[in-house]
Amino acid sequence: MDYSVARRRMVEQQIVSRGITDERVLDAMLAVPRHLFVDTGLQSHAYSDASLPIGEKQTISQPYMVAAMTAALELQGDERILEIGTGSGYQTAVLSRLVKRVYSIERIAVLAGRARKILDHLQMSNINIKVGDGTMGWKDQAPFAGILVAAGSPDVPEKYLEQLEIGGKLVLPVGDQSQQILMRIIRKDKDIFAREQLMGCRFVPLIGEQGWKTEPVD
Ligand code: SAM
């Protein structure tokens with residue numbers, strides 16, 4: 001299978017067609033080999049318009065959702081970004097092409113380890129990954145120009161607002177465990193936050209001290 005053809009089709013038919021115009025985001029989505037972030041048995045589906053299982057009851061996000069969340073950060077190239085929910089590492093790889101440094105937190109060690117291996121293989125060296133509860137943010141490295149949360153939260157964790165620089169943008173899904181609204185919150189000033197609702201979405205839950213307290217039961 002020619003993955004570069006599949007990737008171009010993905011960008012044109014799933015992303016450009018839904019209104020994403022940020023050329024840097026489109027270029028990053030064209031460049032990152034998404035098939036390397038899924039199991040070999042799923043590689044032929046890697047460029048389909050869907051999220052896919054990555055083990056540990058988690059998913060690699062739908063390509064359009066990765067593009068839309070990334071575009072919502074309106075990145076220029078010199079930012080330090082916090083990502084919550086490394087998962088497969090695919091979104092991390094897209095971000096790494098667009099910013100100065102990505103700090104990514106994953107609560108499941110086996111996923112973080114697997115993502116690290118693929119990102120190292122792709123020689124993406126501007127990424128720090130740690131295993132832990134991402135609902136607390138990454139205080140030592142704050143403030144961030146952008147925070148992207150790839151798991152659904154019952155509310156907006158206070159730590160993210162605290163760890164956003166002035167002018168910084170937080171993009172996260174907020175709602176119940178079956179569906180959420182993708183929100184963008186811009187820190188306009190120390191205590192002034194502008195909130196926008198971008199679209200409906202469906203993510204696995206953000207589990208932690210400032211998220212859901214327990215894993216969903218099957
Ligand atoms: N964007 C990722 C990708 O492209 O593969 C997909 C992320 S997946 C939808 C959500 C991830 O968030 C899961 O890997 C899950 O383990 C992780 N997660 C959930 N709660 C978390 C928390 N409190 N801290 C860090 N990661 C968390």
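Number of residues in segment 79-93 that are surrounded by 24 or more Cβ atoms within 10 Å (Cβ to Cβ) and more than 6 Å from the ligand (Cβ to nearest atom): the value is 7.
All of (1) farther than 27 Å from Gly77 by Cβ; (2) buried (at least 18 other Cβ atoms within 10 Å of the Cβ) hold for Ala46 with one exception: (1). Note on segment 130-166: among residues that are more than 9 Å from the ligand (Cβ to nearest atom) and β-branched (Val, Ile, Thr), the one that is farthest from Pro216 (Cα to Cα) is Ile166.
Might you check whether a residue that is more than 20 Å from Arg184 (Cβ to Cβ) and of a type outside the set (D, E, K, R) occurs anywhere in segment 62-85? No, there is no match, as no residue in segment 62-85 is more than 20 Å from Arg184 (Cβ to Cβ) and of a type outside the set (D, E, K, R). Search segment 94-129 for residues being near the ligand (Cβ under 10 Å from one of its atoms) and under 16 Å from Val32 (Cα atoms), and hand back the single one that is farthest from the chain's Cα centre (by Cα). If we take residues in segment 94-129 being near the ligand (Cβ under 10 Å from one of its atoms) and under 16 Å from Val32 (Cα atoms), then Ala115 is farthest from the chain's Cα centre (by Cα). Residue check: Asp49 meets all listed conditions (1) without any contact (Cβ under 8 Å) to a residue 40 or more places away in the chain; (2) more than 30 Å from Ala142 (Cα to Cα); (3) in a helix (DSSP H, G or I); (4) not hydroxyl-bearing (Ser, Thr, Tyr) but one, namely (3).
Results for (1) touching a strand residue (DSSP E or B) at 6+ places or on another chain (Cβ under 6 Å); (2) of a type outside the set (A, V, I, L, M); (3) modelled with pLDDT under 95; (4) under 20 Å from Leu73 (Cα atoms), shown as yes or no for each residue.
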{"site": "Gly85", "(1), (2), (3), (4)": "no, yes, no, yes"}
{"site": "Val94", "(1), (2), (3), (4)": "no, no, no, yes"}
{"site": "Val99", "(1), (2), (3), (4)": "yes, no, no, yes"}
{"site": "Val102", "(1), (2), (3), (4)": "yes, no, no, yes"}
{"site": "Leu119", "(1), (2), (3), (4)": "yes, no, no, no"}
{"site": "Thr135", "(1), (2), (3), (4)": "no, yes, no, yes"}
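Restricting attention to segment 181-216, and to residues there that are of a type in the set (Gly, Ala, Ser) and part of a loop (DSSP other than H, G, I, E, B), which single residue is surrounded by the fewest Cβ atoms within 10 Å (Cβ to Cβ)? Across segment 181-216, the extreme among qualifying residues is Gly208. Are any residues in segment 1-31 without any contact (Cβ under 8 Å) to a residue 60 or more places away in the chain, assigned to a helix (DSSP H, G or I) and β-branched (Val, Ile, Thr), and if so, which ones? Selection gives Val5, Val11, Ile15, Val16.
The values are calculated or read from the model by the stated rules, or taken from the named source; none is laboratory data. The structure displayed is predicted, hence computed values, not measured ones. Cβ: placed from backbone, ideal geometry, glycine included. Neighbour counts: every protein chain shown.
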